[in-house]
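Let me begin by presenting the structure, written as C-alpha cells, before commenting on it.
The values are calculated or read from the model by the stated rules, or taken from the named source; none is laboratory data. Note that the structure is a prediction, hence the values are computed from the model and not measured. Glycine gets a Cβ as well: all are built from the backbone with ideal geometry, and neighbour counts include every protein chain shown.
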Amino acid sequence: MNSTVIKWVIGVIAVVLIVWLGYSSFSGDRVSDKTGPIKIGVSLPLTGEASAYGEAVRGGVELAAKEFNDQGGINGRVVELIIEDDKCNQAGSSVFNKLVNVDKVHAIIGPLCSAAAGPGLPVAQSAGIPTIVVGSAPALTSIGDFIFRVYPSDALQGKVSAEFIFNELGKKNVAVVYVQNDWGQGIQETFIKRFKELGGTISVNESVLQDSVDLRTQLTKVKSAAAEALYFPVYVQNAIAGVRQIRELGLNIPVVAGDVFADESIFSLPAAEGIVYIQGKSNNPEEFQNKVLELSGVSGNAFTPYFYDAVRVMLSVIKDVGTDPDDIKKALVNLSYDESIAVPKISFDEVGDLVGAEVDIRVIQNGKSVPYSD
C-alpha cells in the first residue's frame, strides 16, 4: 500500500471517528439532560432607558419560577432562571448567543423590547430553542416556528390606533412621529396602512432614533403641517423628552401613543396629561401585584402578568413533555392554557401569535393611567 493510499485511509478513518464522536457526544448530552436544573433564559432590559420596565417584570418571572420550585420543581428538577440584560437594543443578539451557546438553556422568555427581540430571536430560531416573546413588533413571530408570543401584536395595536383616531376622535389629517427600530417601524406601517384605508391623510411621517432626546425638528414639521392629531409610537427617552417639547412648541392637538407609555415614569410627567395610549388588554389583580412586590421589592407594571404567564406556560409544557425542543414546540403549537392571569386563555395561531388578543385604550390623567371614555 503506497503512502497516498495510506493517507487516504487515515483521512477516511478520521472523518468517521469525528462523526461518531460527535454523535456520541450529542447522544450523551441528551441522556444527561434528563437530570440537573431546567434552565430558562430570560432577556430583559435591566439597564438603560427601559430598565424600569425590566425591573418591574422581573418579579413576575421570579414569582412563576418560585411557585414551581416550591412544589418540588419539574419532576424533581429545580428551575434555574438565567436573566440577562438586553438593554432594549441590539444587545439582544449577544444575550441570545450567550443563553443559547454558553448557558445551554432549554427555553427562553422575552425580550420585552422589540428592538432587542429583532436581532435576538433569529439566534434562538437557528438553534431550535423554544422562545416565548412579549415584544410586539408584527414580524417577530414570522422569524420562525420556535417563536411564540403571549402579547398582542402591533398589527392589532396599529390598526386599533388608526380606527380610534379616525372614528372616535374624528381626525382625518394625522402626523406620525415614530422611533426607528423594529417596534416603531412595524407599528407605524400598520397604522398608516389602516388609516389610509379608512380615508385619512398622513401629512407628516417622520422617524427619530431610539436614543434621541431632541424631537423639535420633527415636531415643528407636525405643527407647520397643521395636522389634526399626532400618532406618537416612540421609545422611553423619546417619550420623556418629546411630551415636554410638544407642550413647549404649543402643539395643542390630540396625541395618541403606543404601549411604551404604560409606565409610571411617563404617567408622572405633567406634560403627559391627556395623552392617550394603546396597550395590550390584561388582568393584573391586586393579589398578584402584592405577591410580586413582596418577592422582588418592586411594583409590577402592565407587562408583568404577561411575563408571569409566559414562564408558567413554558414550565407547564416542559413538565408535560420534557426538555426536547421539538416536543416543546409541538406542545406550544397545540397549547390551550387556561391558568393564565393576563388573559383568560393562551393558545397560538399558525404563526405563533396569541389567539383572541385584545387591546385597551387608556389616557393619562392626574399622574395616573385610566380607561379612556369619550
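Laid out as a table, the results:
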read-out: Matching residues, the stretch 130-166, being more than 24 Å from residue 344 (Cα to Cα) and either among the hydroxyl-bearing types (Ser, Thr, Tyr) or part of a helix (DSSP H, G or I) (or both); value: 142, 143, 162, 163, 164, 165, 166
read-out: Selected residue (only one of 331, 342, 310 is without any contact (Cβ under 8 Å) to a residue 24 or more places away in the chain and crowded, with 18+ Cβ neighbours inside 10 Å); value: 331
read-out: Any hit, the stretch 22-34, residues being out of contact with any Pro (no Cβ under 6 Å at 6 or more places or on another chain), at pLDDT below 95 and assigned to a loop (DSSP other than H, G, I, E, B); value: yes
read-out: Conditions (1) surrounded by fewer than 22 Cβ atoms within 10 Å (Cβ to Cβ); (2) outside the structural domain of residue 170 (by TED's automatic domain parsing); (3) over 16 Å from the mean Cα position of the chain (by Cα): number failed by residue 351; value: (3)
read-out: Selection from the stretch 59-105 of residues that are in a helix (DSSP H, G or I) and touching a Cys at 6+ places or on another chain (Cβ under 9 Å); value: 92
read-out: Neighbours by Cβ (under 6 Å, 6+ apart or cross-chain): first from the stretch 159-185, on the phi < 0 side of the Ramachandran plot; second of a type in the set (Phe, Trp, Tyr) and assigned to a loop (DSSP other than H, G, I, E, B); value: 179/235
read-out: Selected residue (criterion: surrounded by the most Cβ atoms within 10 Å (Cβ to Cβ)) from residues of the stretch 243-266 that are in a helix (DSSP H, G or I) and within 21 Å of the chain's Cα centre (by Cα); value: 261
